[in-house]
Amino acid sequence: MQTVSFQATPEDLLGAYRLNFRVTLKSKRVIRAYVGGGATLAAMAMAAAWQWDIVSVPIAAAIGLGYWIAFLSLIFFSAYLRLPCQVRRIFGQQKSLHDNTTVEWSESGVSFTSSRGHSQFSWSDFVKIVKGQDTIILRQSDALMNFIPSRALSQEQLDSFPVTV
């Protein structure tokens with residue numbers, strides 16, 4: 001059994017949120033949004049070009065696709081830029097993040113203990129476990145995660161932590 005204790009900082013939480021954001025961007029749901037929206041807008045642009053003879057149909061399709069990719073990318077980019085402000089606010093509001101946390105893990109699962117309580121999970125409770133440069137995130141769902149800052153772990157502990165990516 002491996003054990004580590006840490007007290008999270010706003011920077012630790014920001015690292016976890018950034019890693020979670022990057023994992024989300026690579027998800028099938030986001031890829032489907034790019035492909036589905038791009039195909040829809042390309043088809044609409046092609047129909048408009050064919051109906052009104054504005055520009056050639058392939059060029060219209062490329063323009064529609066380009067607009068969709070730029071639009072969706074701008075939305076994601078602005079969400080990424082908002083992360084530091086959101087994380088500072090979350091860290092200030094969520095007092096449980098200020099406590100010292102002890103994490104224990106073994107082949108059967110992981111547990112988190114702080115002065116506010118104890119949580120125990122089997123590895124199968126997580127939909128994804130991702131090891132980033134600054135943190136390890138344990139995703140219970142798209143919206144809920146636990147994290148362990150890499151700075152709190154030795155290299156041996158980092159290497160022994162299971163990853164599902």
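The values are calculated or read from the model by the stated rules, or taken from the named source; none is laboratory data. Only a predicted model underlies this, so the values are computations on that prediction, with no experimental measurement involved. Heads up, the Cβs are rebuilt from the backbone with ideal geometry, glycines too, and the neighbour counts pull from every protein chain shown. Surface accessibility is based on the protein's heavy atoms, side chains included, excluding ligands, DNA and RNA. Shrake-Rupley method; radii C 1.70, N 1.55, O 1.52, S 1.80 Å.
So ASP53 passes all but one of these: (1) without any contact (Cβ under 8 Å) to a residue 12 or more places away in the chain; (2) within 25 Å of MET145 (Cα to Cα); (3) not aliphatic (A, V, I, L, M). Which condition number does it fail?
ASP53 satisfies every listed condition except (2).
Which ones in the range 114-147 are open to solvent by 70 Å² or more (accessible area, probe 1.4 Å) and hydrophobic (A, V, I, L, M, F, W, C)?
Passing the criteria: VAL127, ALA143, LEU144.
So which residues in the range 12-24 are of a type outside the set (S, T, N, Q) and either surrounded by 15 or more Cβ atoms within 10 Å (Cβ to Cβ) or not in a helix (DSSP H, G or I) (or both), if there are any at all?
ASP12, LEU13, LEU14, GLY15, ALA16, TYR17, ARG18, LEU19, VAL23
Got at least one residue in the range 73-86 being part of a helix (DSSP H, G or I), charged (D, E, K, R) and open to solvent by less than 50 Å² (accessible area, probe 1.4 Å)?
Looking through the range 73-86, none of the residues is part of a helix (DSSP H, G or I), charged (D, E, K, R) and open to solvent by less than 50 Å² (accessible area, probe 1.4 Å).
For the range 25-45: of the residues being under 19 Å from LEU81 (Cα atoms) and assigned to a helix (DSSP H, G or I), which is nearest to the chain's Cα centre (by Cα)?
Selected residue: LEU25.
Being under 14 Å from VAL23 (Cα atoms), of a type in the set (A, V, I, L, M, F, W, C) and at pLDDT 95 or above is true for just one of ILE148, ILE137. Which residue is that?
Being under 14 Å from VAL23 (Cα atoms), of a type in the set (A, V, I, L, M, F, W, C) and at pLDDT 95 or above holds for just one of ILE148, ILE137, which is ILE137.
Quick one: which residue in SER111, SER150 is free of Cβ contacts under 8 Å to residues at least 12 places away in the same chain, of a type in the set (Ser, Thr, Tyr) and open to solvent by less than 40 Å² (accessible area, probe 1.4 Å)?
SER111
Only one of (1) open to solvent by 50 Å² or more (accessible area, probe 1.4 Å); (2) in a helix (DSSP H, G or I) fails for ILE54. Which number is that?
Of (1) open to solvent by 50 Å² or more (accessible area, probe 1.4 Å); (2) in a helix (DSSP H, G or I), only one is false for ILE54: (2).
Tell me, which residue of the range 87-111 that is in a helix (DSSP H, G or I) and more than 19 Å from the chain's Cα centre (by Cα) is nearest to SER154 (Cα to Cα)?
HIS98
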